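The values are calculated or read from the model by the stated rules, or taken from the named source; none is laboratory data. This structure is a prediction, so every number in the text was calculated from the model and none was measured. Cβ: placed from backbone, ideal geometry, glycine included. Neighbour counts: every protein chain shown. Ligands, DNA and RNA are excluded from the accessible area calculation, which covers all protein heavy atoms including side chains. Shrake-Rupley method; radii C 1.70, N 1.55, O 1.52, S 1.80 Å.
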Amino acid sequence: MKSVFVNGKSDWNSITDYGTTSLLALYPYLFIKGNNLNSAVIGLGTGVTAGLLSRFDRIRSLDVLEISEAMIKSVDILENENLGLKNNKKATIHDIDAFKFFRVTDKSYDFIISEPSNPWVMGVENLYTKYFYNIANSKLKESGLFVQWAHVNDMNNKLLVTILSNIQSVFKNVEMYQTQDGDVALIGSNSETPFHFDETNNEDSTVNILRRVGLESIKDLYLLKKYDTKEISAIIKSNASYQHEIFNPTLSFNSHKSFFLGEEVDLEVLLNPFLARYLHKDS
C-alpha cells in the first residue's frame with residue numbers, strides 16, 4: 001500500500017482510493033461513443049486515473065495538467081500504480097495551470113476530467129466556478145462530457161449544492177454517480193439525453209477495473225447512480241447554496257470551516273424521496 005501526503009494531508013491511498021481514481025476514468029469512457037478520443041485530466045495526482053485512461057483502446061490522446069512539480073516527479077515513484085504513464089505515447093503531462101492551458105490550446109476534447117485537490121486548498125476553489133466550467137465547456141466537442149470529482153467527507157450539504165449549482169448553470173445534463181464512500185463523480189454534457197453505458201465493451205482494461213472494485217458487469221455501474229438531471233435541479237432549488245465565483249470564493253472559506261469541524265454531506269437527505277417519485281411520475 002502506498003499513500004501520498006500533500007502539506008501533511010493524505011490525498012491518495014493506493015487501496016482505499018482506487019475506486020474513485022478508476023471510476024473517474026471509466027464513467028466518461030463508457031458513456032462516450034466513437035473512436036480516437038481526445039481526453040484531458042486536470043490534476044495529475046498519482047497518475048492512476050490518467051494511467052488507466054491511456055490504456056483504454058479508443059483513447060487517441062491524453063493531456064494531463066498539473067502545476068505541482070513534486071507531483072510530476074512522483075510519476076516515476078508510482079509507475080506500478082499509474083501503469084507506466086510517463087512512457088505511454090498517448091499521454092502528455094503539462095506543467096501548466098488548467099486555466100492557461102485551455103485558453104491557449106486549439107484542441108477540442110471528447111471528455112475532460114477535473115480531479116483537483118480539495119477546494120480548501122488555495123487556488124483550487126477556482127476550478128469549481130462557473131467561470132472555469134464555461135472555459136472547459138468551450139473546449140468540449142458537441143457531444144463531449146465534463147467530469148467533476150467531489151468529496152462528501154469534510155464537506156456539508158450547502159457546499160456540495162454550491163458545486164452542483166455552478167455545474168448545472170453551464171451544462172444541460174448533469175448526473176451524479178458514486179465512486180466510493182466519501183466521493184462522487186458529477187458528469188455534465190451539453191446534450192439533454194441521459195447517459196447510457198456501452199454495455200458491449202469487453203476490453204481487458206475495463207473488465208479489470210470492474211473486478212477490482214467488486215462489480216460483475218458494466219450494468220452494475222447503474223447501481224452507483226445517485227441522482228439524475230431532474231433530481232439535481234430539485235436539489236438545487238430545495239437546498240441552500242453559496243454564490244461562489246472567482247472574485248467571491250465562498251467555497252474556499254467555508255470548506256476550510258467544514259474541514260475543521262469534520263462535517264459530512266448526507267446524500268440521502270439532499271432530496272426528499274417523495275419529491276423524487278413525483279419527478280418521475282411520467283417515466
(request) Report, by residue number, each residue of the stretch 216-273 that is of a type in the set (A, V, I, L, M, F, W, C) and not in a helix (DSSP H, G or I). (result) Ala240, Ile246, Phe247, Val265, Leu270, Leu271
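Could we say that Ile209 is more than 19 Å from Thr16 (Cα to Cα), open to solvent by less than 10 Å² (accessible area, probe 1.4 Å) and not basic (Lys, Arg) here?
Working: more than 19 Å from Thr16 (Cα to Cα): no; open to solvent by less than 10 Å² (accessible area, probe 1.4 Å): yes; not basic (Lys, Arg): yes.
No, not satisfied.
Which of the residues belonging to the stretch 57-106 are of a type outside the set (A, V, I, L, M) and open to solvent by 100 Å² or more (accessible area, probe 1.4 Å)? Quick ask: steps written out before the conclusion?
Within the stretch 57-106, the first condition is being of a type outside the set (A, V, I, L, M), and the residues that meet it are 57-58, 60-61, 63, 66, 68-69, 73-74, 76, 79-82, 84, 86-90, 92, 94-95, 97, 99-103, 105-106.
Once the filter is applied, which keeps residues that are of a type outside the set (A, V, I, L, M) and open to solvent by 100 Å² or more (accessible area, probe 1.4 Å), the stretch 57-106 yields Asp57, Arg60, Glu69, Lys73, Asn80, Lys86, Asn87, Lys89, Asp95, Lys100, Arg103, Asp106.
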(message) Here's a check for you: in the stretch 1-49, which residue that is farther than 18 Å from Leu62 by Cβ and in contact with a Lys or Arg (Cβ under 7 Å, 6 or more places away or on another chain) is modelled with the highest pLDDT?
(response) Tyr18
(request) Only residues that are in contact with a helix residue (DSSP H, G or I) (Cβ under 7 Å, 6 or more places away or on another chain), more than 21 Å from Phe253 (Cβ to Cβ) and surrounded by 19 or more Cβ atoms within 10 Å (Cβ to Cβ): list them for the stretch 125-169, please. (result) Ala136, Lys139, Leu145, Phe146, Val147, Gln168
(request) List every residue pair whose Cβ atoms sit under 8 Å apart, with the two residues 6 or more apart in sequence or on different chains, where the first one lies in the stretch 131-144 and is within 15 Å of Phe31 (Cα to Cα) and the second, anywhere, is open to solvent by 70 Å² or more (accessible area, probe 1.4 Å) and of a type outside the set (Val, Ile, Thr). (result) Ser143/Lys33
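Condition first: part of a strand (DSSP E or B) and of a type in the set (Phe, Trp, Tyr). Can you find one or more residues in the stretch 172-180 that meet it?
First, the residues of the stretch 172-180 that are part of a strand (DSSP E or B): 173-180.
Still in the running and of a type in the set (Phe, Trp, Tyr): 177.
Scanning the stretch 172-180, I find at least one residue that is part of a strand (DSSP E or B) and of a type in the set (Phe, Trp, Tyr), so the answer is yes.
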(request) Return the only residue of Arg103, Arg55 being within 24 Å of Thr200 (Cβ to Cβ) and touching a helix residue (DSSP H, G or I) at 6+ places or on another chain (Cβ under 9 Å). (result) Arg55
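Yes or no, residue by residue, for (1) closer than 21 Å to Asp11 by Cβ; (2) within 14 Å of the chain's Cα centre (by Cα); (3) in a strand (DSSP E or B); (4) touching a residue at least 24 places away in the same chain (Cβ under 8 Å):
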| position | (1), (2), (3), (4) |
| --- | --- |
| Leu44 | yes, yes, no, yes |
| Asp57 | no, no, no, yes |
| Val75 | yes, no, no, yes |
| Leu83 | yes, no, no, yes |
| Thr92 | no, no, yes, yes |
| Asn118 | yes, yes, no, yes |
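Residues of the stretch 184-215 being touching a strand residue (DSSP E or B) at 6+ places or on another chain (Cβ under 9 Å) and either assigned to a loop (DSSP other than H, G, I, E, B) or in contact (Cβ under 8 Å) with a residue 40 or more places away in the chain (or both), which ones? Give the steps one after another, and end with the answer.
Keep residues of the stretch 184-215 that are touching a strand residue (DSSP E or B) at 6+ places or on another chain (Cβ under 9 Å), which gives 184-195, 213.
Across the stretch 184-215, the qualifying residues are Val184, Ala185, Ile187, Gly188, Ser189, Asn190, Ser191, Glu192, Thr193, Pro194, Phe195, Val213.
So is Val48 β-branched (Val, Ile, Thr) and in contact (Cβ under 8 Å) with a residue 60 or more places away in the chain or not? Give the derivation first.
Details: β-branched (Val, Ile, Thr): yes; in contact (Cβ under 8 Å) with a residue 60 or more places away in the chain: no.
For Val48, the condition - β-branched (Val, Ile, Thr) and in contact (Cβ under 8 Å) with a residue 60 or more places away in the chain - is not met.
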(request) Among the residues of the stretch 175-201, count how many are open to solvent by 70 Å² or more (accessible area, probe 1.4 Å) and farther than 14 Å from Phe31 by Cα. (result) 1
(request) Would you check if there is a residue in the stretch 24-40 being outside any helix (DSSP H, G or I), surrounded by 24 or more Cβ atoms within 10 Å (Cβ to Cβ), in contact with a strand residue (DSSP E or B) (Cβ under 6 Å, 6 or more places away or on another chain) and not aromatic (Phe, Trp, Tyr)? (result) yes
(request) Assess whether Ser54 counts as being open to solvent by less than 10 Å² (accessible area, probe 1.4 Å), modelled with pLDDT of 95 or more and under 21 Å from Lys139 (Cβ atoms). (result) yes
